[in-house]
Amino acid sequence: MKLSYKNCNICPRGCGVDRDTSVGICRSGSIVKISRVSRHMYEEPAICGKRGVGTVFFSGCNLGCVFCQNSIISRRSVGKEFDEKDLSELFLTVAASGVSSLDLVTPTHFTPTVAAALSAVKDKLGIPVVWNSGGYESVHSLELLRGLVDIYLPDFKYYSPELSAKYSHAADYRERAEEALSFMYDMLGKAEFDRDGMMKKGIIVRHLVLPGQRKDSIACLRRLAEILPAGDIRLSLMSQYTPDFYKGEDKNLHRRLTTFEYESVLREAHLLGFDGYMQAPSSASAEYTPEFSDTFSIDLS
């Protein structure tokens, strides 16, 4: 399938909008916009290490999570415009700063442009490329990234279609995420690490445990273990939900996760044979969220 911004078919939404003249459900036109580039020290240890990751935050998003901590940029088209050449040069700048990996955050809705930019400089980067997404991907778009992405860092957010419709406006989230995860694994296979424990290639699946939804989280992990070999990937089980960014009426989302909720899901992860990363309760704080604005910023120091 040929991907097109003109009659947009890049993500599972397939909204058909002409992004040359308007914006899609992702709130974005056809020109890449980036809000922030920075050295980030709080990603998973296997991609972060002592030098941090070079995060590139793309504006817009093809999901609509009601509790999004990056809503300042995910729900609007803000930041600086980049064409393919400028984007390639930015990737080289990030790599040259001495970070452990190039961390592309929420790039899904710009896949064709990002793939073209990576193709031009992939052999010059010298560090792994991380595709950090919400997991709501189309297989035909992921095919463009074959040989360009070393590490996939997708979410696997929900099991229940009702929950994914309510919280992310995507009733088909689980089905599309399952297809994407399986395709990512077919491309990369079992995770590989260097002698320092840094991931060279593979998949790290993130799952954020939400208040009041531990049973859905457990169902997610059980399903994940059915579609991917638990020992071949890494699981990042997150407890960092904070109600600071939620303005709706769901009572569960106005509180933080309890220790019982998180530990019950963590126990299930261990029983299923997952290896990976957990979070301390102190991570549930808005202070760990990057500061975003309408203007572009870069700080790789």
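The values are calculated or read from the model by the stated rules, or taken from the named source; none is laboratory data. Worth saying up front: this structure is predicted, and the values here are computed from it rather than measured. Heads up, the Cβs are rebuilt from the backbone with ideal geometry, glycines too, and the neighbour counts pull from every protein chain shown. Note: accessible area is taken over every heavy atom of the protein model, side chains too, but ligands, DNA and RNA are not part of it. Shrake-Rupley method; radii C 1.70, N 1.55, O 1.52, S 1.80 Å.
Suppose every Lys and Arg Cβ carries +1 and every Asp and Glu Cβ carries -1, with no other charges. What dipole size does the chain come out with about its Cα centre, to the nearest 20 debye? Let's see the in-between values first.
Values: 36 positive and 38 negative charges, 49 e Å.
Roughly 240 debye, rounded to the nearest 20.
For the chain, the mean residue ellipticity at 222 nm estimated from helices alone is -9000 deg cm²/dmol, where every DSSP H run of n ≥ 4 contributes -39500 (n - 2.57) and the total is divided by all residues, rounded to the nearest 500.
For the pair segment 99-175 and segment 23-43, the centres of their Cα atoms are 12 angstrom apart.
Per the Kirkwood definition applied to all pairs of different Cα atoms, how many angstroms is the hydrodynamic radius of segment 72-222? List each step's numbers first, then the result.
On the way: mean 1/r = 0.0603 Å⁻¹.
Radius from the Kirkwood sum: 16.6 Å.
Looking at the chain, the accessible area is 43 square angstrom per residue; that uses a 1.4 Å probe and ignores ligands, DNA and RNA. For the listed residue pairs Lys124/Lys200; Lys33/Lys85; Lys33/Lys201, the alpha carbons are over 20 angstrom apart in Lys33/Lys201. Relative to its residue count, segment 85-143 spans a Cα convex hull of 81 Å³ per residue.
Orientation-averaged projection of segment 1-79 equals 6.5 nm² [convex hull of Cα atoms, one quarter of hull surface area]. Between the amide H of Ser236 and those of Val205, Arg206, His207, Tyr277, distances stay under 5 Å, these residues lying 5 or more places away or on another chain, with hydrogens modeled in the peptide plane. A probe of 1.4 angstrom, applied to the heavy atoms of all protein chains, finds Tyr262 with accessible area near 20 square angstrom. Based on every Cα atom in segment 156-286, Rg and the maximum pairwise Cα distance Dmax equal 15.1, 48 Å.
If we sort 77-84, 28-35 on the protection proxy, mean other Cβ atoms within 10 Å, highest first, what's the order? Write out the running numbers ahead of the final one.
Values: 77-84: 17.6, 28-35: 22.1.
The most tightly packed comes first, giving 28-35, 77-84.
A simple charge model with +1 on the Cβ of Lys and Arg, -1 on the Cβ of Asp and Glu and nothing else charged puts the dipole of segment 113-238 at about 320 debye relative to its Cα centre. Of the solvent-accessible surface of the chain, computed with a 1.4 Å probe and all protein chains present, 50% belongs to carbon and sulfur. Treating each Cα of segment 3-46 as one equal point scatterer and applying the Debye formula with no solvent, the log10 of I(q)/I(0) at q = 0.20, 0.24 Å⁻¹ comes out as -0.64, -0.74.
For segment 56-149, the Cβ-based charge dipole about the Cα centre amounts to some 160 debye (Lys, Arg positive; Asp, Glu negative; other atoms uncharged). With all protein chains in place and ligands, DNA and RNA left out, the 1.4 Å accessible area ranks Arg76, Arg146 as Arg146, Arg76, largest first. For the chain, Cys8, Cys11, Cys15, Cys26, Cys48, Cys61, Cys220 stand unpaired, since no other cysteine beta carbon lies under 4.7 Å from theirs. Rg and Dmax of the chain, based on Cα coordinates, read 18.0, 51 Å. The Rg/Rh ratio for segment 158-207, using Cα coordinates for both the radius of gyration and the Kirkwood hydrodynamic radius, is 1.15. With distances taken between every two different alpha-carbon atoms, segment 1-153 has a Kirkwood hydrodynamic radius of 15.5 Å. Accessible area per residue was computed with a 1.4 Å probe on protein heavy atoms; His270 scores about 120 Å².
Within the full protein context, the accessible area of Cys15 is estimated at about 50 Å² for a probe radius of 1.4 Å.
What is the projected area of the convex hull of the Cα atoms of segment 40-122, averaged over all directions, in nm²?
Working: hull surface 23.3 nm².
Result: 5.8 nm².
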